[in-house]
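Data first, discussion second: the structure below is written as C-alpha cells.
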Amino acid sequence: MATDIYQSPLSERYASRDMQYIFSQDMKFTTWRRLWIALAETEMELGLKQITPEMIEELKAHKDDINYEDARKREKEVRHDVMSHVYAYGLQCPKAKGIIHLGATSCYVGDNTDIIVMKEALKLVKKKLVCVIDELAKFADAQKNTPTLAFTHFQPAQPTTVGKRATLWINEFMMDLEDLEYISGSLKLLGSKGTTGTQASFLELFNGDNETIDKIDPMIAEKMGFESCYPVSGQTYSRKVDTRVLNILAGIAASAHKMSNDIRLLQHLKEVEEPFEKSQIGSSAMAYKRNPMRSERIASLSRYVIIDALNPAITSATQWFERTLDDSANKRISIAEAFLATDGILELCLNVVDGLVVNEKVIEKHLMAELPFMATENIMMDAVKAGGDRQELHEEIRKLSMEAGKHIKKDGRDNDLLDLIAADAAFNLSKEELEARMIPADYVGRSPRQVEVYLRDHVRPVLEANRELLGATGVVNV
C-alpha cells in the first residue's frame, strides 16, 4: 500500500471487497468490452456485412484481458478514455479493429456501464439489507417479552418491550427494501442512441431502414441481461436515474442512523450495548470506557451518504439540453462513494445487530424506578373500588406524585411514591397491595403480540422470498 499519496478510507477501512470490485477498473472495462461485443453482434445479426463471426470471436477472446498500459499511453496522447480503450482493444483484435464502437458514441459504453454497475451494486446492497432485517427480526423475536422503559422526547413514557422497539428499526429498513426493489426493477439501459439521442449514425449504417434500427436497443438490452432500454434520451440517460438510485441509499443511511442513535443512547443508559471485543480499547485516556464506536461510525458514514445524495440531484437539474460534461467528474466520485459508504454502513449494522447485548437487570432497575408514576391510573382505579372519590383521588395522587418527584430530583432519593400513597388514608391501600401492581409486563400494552404479528405477517414472508440472500455477516476492518 502506498503511504505517500491519499488513499480513500472507503476502500481502506469501510467497504467490502465485493463492493470495491463492482466499482473497480476491471469491472468497468470488461463491461465496456462486453458492450462492444453486444453492439457488434447486434449489427451483424441485423445484416451489417462488414462484421463477421470471426471478428466477434476475436473480440470475445480478449474481453477480459485488458491491456491497461496500452490504454494509458494512448490516453496521454489523445485525452479521451473511450477512444484509448478502443485503440487498446484494437491492438489485441486486429481483425475486428475497424468495427469496434461502430455507430456508437462514448456514452454507449460509459452510460450503459454505469447502469450495469449500479444494478450490480444494488444487488449487493439488497443482500446485506435483507440480512440486517433478518438479524433484527431474530433479536426482536427473542426480546419481544422483555419490558423496557419507552421514551418520548427522551423522557420516560409508558413501557414497551425491547423487541417492540427493534421492530421500529426493522420497519424503516423494510421500507428501504421496498424502495430498492422498485428502483432496481425499473432500471433500463441507455442502449445505443448516438451523439444527441437521435440514432442518426444508424440511419447511415442501415440505409434508412427504421424497422431494423428499432431492433437495435432491444437486442442489446437482451444481450446485457436487461428487459429494455430507456425509450428516449439525449446523448446520456437522464441523470434523474442517478438521483433516484442515491435516494435509496440515503434512505438506508437514514434508517441506519436512527437505529445507531438509539443504540448509542441505550448504551449510555447501560441497557443495551453494541459488541465490545476483549482487547478493544475504548479511550486512549480513560481505560474503563466502552465507547459505541461501531454505532458512531454508522452515524458518521450515514450523514455522508445522506448529503452525497444531493450531488446527482443537482447534476440532474443542471444538465444542458442533450449533453454537457459537467456531470462526469462529479458522477465518477459521488455514485461510487455513496455505494461504498452504504456498503460499509450495512457491514457495521450486521456486526452490531448480531452482537447486541441486553442488560436486563439494568433495564428492570430503570423501569421500576419510573413504574410507580405510570401505575397511578391503575392505583387510582383500585382506590375507587375501595370506596374512594375519583376526583379527590386524582388531585391527591397528583400532589403525591409531585412530592415524590421532588424527592428524586432535589434530594437524590429513590422513588417513594408507593410509600406516600400507602401512608395516605384516602387511598385505603397497603404497601403490599400497591407493590402487587408493580408488574412491568402489565404495562407494555400489546407489544409482544404486535411483534409476533408484525414478524409473522410482514417480515418473514419477505425473508422467505429472499432466503437465498441470507447468511451474510458483518466485518469491521479496524
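Worth pointing out:
- Looking across region 344-401 at every residue that is of a type in the set (Gly, Ala, Ser) and modelled with pLDDT under 95, the one that is nearest to ALA299 (Cα to Cα) is identified as GLY355.
- Just one residue in the set ALA121, ALA104, ALA88 is outside the structural domain of MET44 (by TED's automatic domain parsing), more than 30 Å from LEU168 (Cα to Cα), modelled with pLDDT of 95 or more and not aromatic (Phe, Trp, Tyr); that residue is ALA104.
- Looking across region 27-56, the residues that are under 20 Å from PRO94 (Cβ atoms) and among the hydrophobic types (A, V, I, L, M, F, W, C) come down to PHE29, TRP32, TRP36, ILE37, LEU39, ALA40, MET44, LEU48, ILE51, MET55, ILE56.
- Within region 450-467, the only residue that satisfies the criterion of being among the charged types (D, E, K, R), surrounded by 12 or more Cβ atoms within 10 Å (Cβ to Cβ) and farther than 17 Å from VAL132 by Cα is GLU452.
- Only listed residue being free of Cβ contacts under 8 Å to residues at least 24 places away in the same chain and not in a helix (DSSP H, G or I), chosen from LYS63, LYS49: LYS49
- Restricting attention to region 88-101 and to residues that are under 39 Å from the mean Cα position of the chain (by Cα) and not β-branched (Val, Ile, Thr), the residue that is surrounded by the fewest Cβ atoms within 10 Å (Cβ to Cβ) turns out to be HIS101.
- Going through (1) farther than 21 Å from GLU452 by Cα; (2) surrounded by 17 or more Cβ atoms within 10 Å (Cβ to Cβ) one by one, SER186 falls short only on (2).
- Filter pass, ASP327 being assigned by TED's automatic domain parsing to the domain that holds GLN267, surrounded by 13 or more Cβ atoms within 10 Å (Cβ to Cβ) and modelled with pLDDT under 95: yes
- Listing of helices (runs of 4 or more DSSP H) fully contained in region 285-356 that carry 3 or more residues being at negative phi, among the hydrophobic types (A, V, I, L, M, F, W, C) and in contact (Cβ under 8 Å) with a residue 40 or more places away in the chain: 293-308, 328-354
- Sole residue being in contact (Cβ under 8 Å) with a residue 40 or more places away in the chain, in a helix (DSSP H, G or I) and either touching a Gly at 6+ places or on another chain (Cβ under 6 Å) or closer than 25 Å to PRO159 by Cα (or both), chosen from LEU429, LEU393, LEU463, LEU434: LEU434
- All positions within region 294-324 that are of a type in the set (A, V, I, L, M, F, W, C) and buried (at least 16 other Cβ atoms within 10 Å of the Cβ): ILE298, ALA299, LEU301, VAL305, ILE306, ALA309, ALA313
- Enumeration of residues in region 144-175 that are surrounded by fewer than 24 Cβ atoms within 10 Å (Cβ to Cβ), farther than 24 Å from THR376 by Cβ and either acidic (Asp, Glu) or in contact with an Asp or Glu (Cβ under 9 Å, 6 or more places away or on another chain) (or both): LYS144, LEU168, TRP169, GLU172
- Counted as qualifying within region 156-225 are the helices (runs of 4 or more DSSP H) with 2 or more residues that are closer than 25 Å to LEU469 by Cβ and aromatic (Phe, Trp, Tyr), namely 162-186.
- With respect to being farther than 17 Å from ARG33 by Cβ, at pLDDT 95 or above and among the polar types (S, T, N, Q), THR113 falls outside the description.
- Among the residues of region 214-236, just one is among the acidic types (Asp, Glu) and touching a Gly at 6+ places or on another chain (Cβ under 8 Å), namely ASP217.
- Scanning region 403-426 for residues that are in a helix (DSSP H, G or I) and surrounded by 12 or more Cβ atoms within 10 Å (Cβ to Cβ) yields a count of 11.
- Residue satisfying all of: in region 235-257; touching a helix residue (DSSP H, G or I) at 6+ places or on another chain (Cβ under 6 Å) and among the hydroxyl-bearing types (Ser, Thr, Tyr); surrounded by the fewest Cβ atoms within 10 Å (Cβ to Cβ) among these: THR243
- When every residue of region 134-141 is checked against the conditions, none turns out to be assigned to a strand (DSSP E or B) and under 19 Å from ILE363 (Cα atoms).
- Among residues of region 89-116, those that are part of a helix (DSSP H, G or I) and closer than 29 Å to THR198 by Cβ, counted: 16
The values are calculated or read from the model by the stated rules, or taken from the named source; none is laboratory data. Remember, it's a predicted structure, so these values are computed and weren't measured experimentally. Virtual Cβ from ideal backbone geometry, glycine too; neighbours counted across all protein chains shown.
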